[in-house]
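Asks: The structure's right below; bear with me while I get my questions together.
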Amino acid sequence: MKTIDLVYPNNGQDYAVRITKKKMRRIIYHVRKGQILISAPYLASKKLIIDNLDAIFPRLEPMLKREAAIGLDSIYLLGEKRILIQDGHFSVSDAGVTFKTPEDLDRKLRKLALEFITSRVRYYEQLMNVPTAYKVRVRKMESRYGSNSRSSHTLTFAFKLIHYSPAIIDSIVVHELGHYFYFDHSHKFYETVMKYYPNYRIEHAKLKKGTYQ
């Protein structure tokens, strides 16, 4: 088995690539923690591997950006990249978060996410004249970033939003609160969202691209 590490530039950003050559028949590409991992046959040339990577990169890019939120030595927190420092324990520099294990980090990020998102919900409830405060929950959500339950008067937000900028989070908060007035995605619904958050489409586009800032 042979391993090759290299830097792959694409769209103005450099990505770490590890190529592992072994006894196999085809080239396999996958993503882990913001790194491109490639398994390839011994006889596959570097040019062939990179040419194939160029072709499939548009499919890998969203995964790279999502999975890079927490890397081996850094983390995106509210849109800012923070360095993880190890000194007897791990800490998130300048972020007021210390943790000893990945599970501990997960718990503390959930607490931060709930506190921050709830504060933004309360702010926009007042701005939008929503008469009754919503219950707010944070949980892992793969296919959406937020939901509004009429039956329980609860807003649920994706835990992963803690990695995104406050402006992007606000766009999701206003979207979900907009469903208090229109429980659909009609023209009037989006008029309401744009009234209270004029940059909604700009921030939502960043979210779709996996941009944290």
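The values are calculated or read from the model by the stated rules, or taken from the named source; none is laboratory data. Remember, it's a predicted structure, so these values are computed and weren't measured experimentally. FYI the Cβ positions are ideal-geometry reconstructions off the backbone, even for glycines, and counts take in every protein chain you see.
Asks: Residues that are among the small types (Gly, Ala, Ser), in contact with a Leu (Cβ under 9 Å, 6 or more places away or on another chain) and either within 19 Å of Thr211 (Cα to Cα) or modelled with pLDDT under 85 (or both): does the stretch 82-89 have at least one?
Replies: Let us first name the residues in the stretch 82-89 that are among the small types (Gly, Ala, Ser), namely 88.
Keeping just the survivors that are in contact with a Leu (Cβ under 9 Å, 6 or more places away or on another chain) gives none.
Taking every residue of the stretch 82-89 in turn, none turns out to be among the small types (Gly, Ala, Ser), in contact with a Leu (Cβ under 9 Å, 6 or more places away or on another chain) and either within 19 Å of Thr211 (Cα to Cα) or modelled with pLDDT under 85 (or both).
Asks: Six or more apart or on different chains, Cβ atoms under 6 Å: show the pairs whose first residue is in the stretch 5-25 and within 14 Å of Ile50 (Cβ to Cβ) and assigned by TED's automatic domain parsing to the domain that holds Leu60 and whose second is at pLDDT below 80 and loosely packed, with under 15 Cβ neighbours inside 10 Å.
Replies: Sorted first by the residue in the stretch 5-25, then by its partner, the pairs are Val7/Asp14.
Asks: All but one of (1) surrounded by fewer than 18 Cβ atoms within 10 Å (Cβ to Cβ); (2) at pLDDT below 95; (3) of a type in the set (Phe, Trp, Tyr) hold for Tyr123; which doesn't?
Replies: Failed condition: (2).
Okay, residues lined up against (1) buried (at least 18 other Cβ atoms within 10 Å of the Cβ); (2) out of contact with any His (no Cβ under 8 Å at 6 or more places or on another chain); (3) under 17 Å from Ile75 (Cα atoms):
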| site | (1), (2), (3) |
| --- | --- |
| Thr118 | yes, yes, no |
| Arg137 | no, yes, no |
| Met141 | no, yes, no |
| Thr154 | no, yes, no |
| Pro166 | no, yes, yes |
| Asp170 | yes, yes, no |
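Asks: From the list Arg139, Arg107, exactly one residue is basic (Lys, Arg) and touching a helix residue (DSSP H, G or I) at 6+ places or on another chain (Cβ under 8 Å). Which is it?
Replies: Arg139
Asks: Please pick out the residue among Ser171, Ser147, Ser143, Ser152 that is assigned to a loop (DSSP other than H, G, I, E, B), at pLDDT 95 or above and either polar (S, T, N, Q) or not assigned by TED's automatic domain parsing to the domain that holds Leu112 (or both). Break it down stepwise before answering.
Replies: Working: Ser171 fails: assigned to a loop (DSSP other than H, G, I, E, B); Ser147 fails: assigned to a loop (DSSP other than H, G, I, E, B); Ser143 fails: at pLDDT 95 or above.
Residue meeting the stated conditions: Ser152.
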